[in-house]
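This report refers to the structure that appears directly beneath it.
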Amino acid sequence: MRAVLVCSILIAAAATAPAVAAEKVQLSVDLSKAGAKIDRNIFGQFAEHLGHGIYEGVWVGPDSTIPNTRGIRNDVVAALRALKVPNVRWPGGCFADNYHWRNGIGPADKRVQTLNPDWGGVIEPNTFGTHEFMDLVNQIGSEAYISVNVGSGTPQEAAEWLEYMTAAQPTTLARQRATNGHAAAYKVGYLGIGNESWACGGNMTADTYLSQLKIYSRFVRNYNPAQEGKQQMLKIAVGPGDANTEWTETIMKAYRNHEWSWDIHGLSVHSYTVVKWPPSYASVGFGAAEYSQILKSTLEMEDLVTKQSAVMDKYDPQKKVALVVDEWGAWYAPLPGTNPGFLVQQNSLRDAILASLNLNIFARHGDRVRMANIAQMVNVLQAMIITDKEKMVLTPTYQIFRMYVPFQDATFVPVTFDAGTYTKGNISLPRLDAIAAKDASGKLWLAITNLHPEEPVEIEADLVGIAPKSATGETLTAPRVDSVNTFEAPNTVVPKPVPVKVQGSRLALKLEPKSVTVISLEQ
Ligand code: AHR
């Protein structure tokens, strides 16, 4: 057997590691048992008209001194391009069921000023509308996931919006789109039919929503000829906001016997890591106890996805309908001094670990979970990016999304290991989590999270079906669980290279406490 020793350079990451003897964990990756594709859409983003999520965070207007392209911040676009964002959900959220698309088209100085009653009661200038959103999606190389207004809109209004965006023939609406600057039909990859229709989207029962769903699914059409067949727009129904499965039962039961005249391709579920409402956990200045409570809460995603998937399996054993986790992430108390309606919070190493655990859950359920959208992309909740006027900083969560890019559309490969336990007070967590995948070029990717905030782990891995030529890796960790990146110190939580030893089909590496490590192995 050919033995190769590959050792990359050890850099300062180790400086944060306490002098604790590392426990050894055996891990096995079996390439002969490849599973489902990890759909790139699980790395989707969500951008709502909420606080500074759009205005200031993405949109500064063409006359701004902040460098922009047609009003969209260049720094934010460049950062998002690096994430290969597969889709962006817009305009909400609760905002979607207040949104009337005609307010957001036409000359900027003629746009009407409306209100944003859900989020701070501020004026909505409507300067960021359909064309600006499509421009954003195009600039970052992503796809549009449009949520239409079911709560306070009509099927006709939504149908006309889709005609406006997608008709290639010279209808009056398509000509209006051309007059407003875009002659070609837009592509709308995904259509969300309402948002949280059981709450802010209209307080409907599942049966009432189902009637609406059938009507919207029938009449809200995509006319773009380029979206026929495999490129068809995927319609996503509102699903539940917790592990309760009654709503899912109603929709999926109807789906099983659905007529030709309506259809869905996805059922959404929303699940925030919040522990209890209203959100009260601080996003900064916490210790190991709050770290453990939040991670315990986030791991409930596993149970939620398992329960909802089981109901879907009953009515859709062929798994035609995807479970779309189109709002997820940590929701903490608003930062002191901010508008509570703007949902402003910091983003720490804890959030990076939380993101890795959720992405791992989605990847393990890849046969059913084929789309997810973290809330939200910029300046709101568990954001990728935080801005303040001309300043921008990339969060620890951003770093995880960047490190996980190779998992997009890669094939899931099972990993077995004894996770062990980390206990803090009355909370027990798995101390380790891991996923693996093979990309289109044959590279094997391994992501391992060490949840333990104080103790490192020595990994010894058996690689079944691969004897790699080389291995490289990077680790994300920081001095404390609540370490954050700030405008003044933007590189506190950034990935650093990690040494990996490979010998034949065995791999060895040391994981820092409270870290996420991604390794690539080349055959
Ligand atoms: O992401 C913030 C809000 O959370 C969304 O607008 C809503 O759908 C959910 O309740």
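Laboratory data are not the source of any read-out in this text; all were calculated from the coordinates shown. All figures in this text were calculated on a predicted structure; none of them were measured in a lab. Cβ: placed from backbone, ideal geometry, glycine included. Neighbour counts: every protein chain shown.
Exactly one residue out of Arg221, Arg175 is of a type in the set (D, E, K, R), more than 18 Å from Trp90 (Cβ to Cβ) and in contact with an Asp or Glu (Cβ under 8 Å, 6 or more places away or on another chain), and it is Arg221. Restricting attention to segment 307-343, the residues that are closer than 19 Å to Ser271 by Cα and more than 16 Å from the ligand (Cβ to nearest atom) add up to 9. Take Gln346 and decide whether it is of a type outside the set (A, V, I, L, M, F, W, C), in contact with a Ser or Thr (Cβ under 8 Å, 6 or more places away or on another chain) and within 15 Å of the ligand (Cβ to nearest atom). Answer is no for this residue.
Yes or no: Lys319 in a helix (DSSP H, G or I) and either in contact with a Lys or Arg (Cβ under 6 Å, 6 or more places away or on another chain) or surrounded by fewer than 16 Cβ atoms within 10 Å (Cβ to Cβ) (or both)? Here the answer is no, as Lys319 does not meet what is asked. Scanning segment 134-188 for residues that are basic (Lys, Arg) and assigned to a loop (DSSP other than H, G, I, E, B) gives a single hit, Lys187. For segment 99-126, the candidate set comprises residues that are assigned to a strand (DSSP E or B) and surrounded by 15 or more Cβ atoms within 10 Å (Cβ to Cβ); within that set, the residue that is nearest to the ligand (Cβ to nearest atom) is Asn116. Which one is surrounded by the most Cβ atoms within 10 Å (Cβ to Cβ) among residues in segment 24-72 that are over 19 Å from the mean Cα position of the chain (by Cα) and part of a helix (DSSP H, G or I)? Among residues in segment 24-72 that are over 19 Å from the mean Cα position of the chain (by Cα) and part of a helix (DSSP H, G or I), the one surrounded by the most Cβ atoms within 10 Å (Cβ to Cβ) is Leu31. Restricting attention to segment 74-98 and to residues that are within 21 Å of the chain's Cα centre (by Cα) and more than 21 Å from Ile146 (Cα to Cα), the residue that is surrounded by the most Cβ atoms within 10 Å (Cβ to Cβ) turns out to be Ala79.
Take Leu359 and decide whether it is out of contact with any His (no Cβ under 9 Å at 6 or more places or on another chain) and within 14 Å of the ligand (Cβ to nearest atom). For Leu359, the condition - out of contact with any His (no Cβ under 9 Å at 6 or more places or on another chain) and within 14 Å of the ligand (Cβ to nearest atom) - is not met. Cβ-Cβ distances below 6 Å connect the following pairs, each with a first residue in segment 91-115 that is more than 20 Å from Gly181 (Cα to Cα), a second residue that is loosely packed, with under 15 Cβ neighbours inside 10 Å and among the hydrophobic types (A, V, I, L, M, F, W, C), and a separation of six or more residues or different chains: Gln113/Ile123.
Do you know which residues across segment 218-246 are away from the ligand (no atom under 14 Å from the Cβ) and within 19 Å of Tyr99 (Cβ to Cβ)? Result: Phe219, Val220, Asn222, Met233, Lys235, Ala237.
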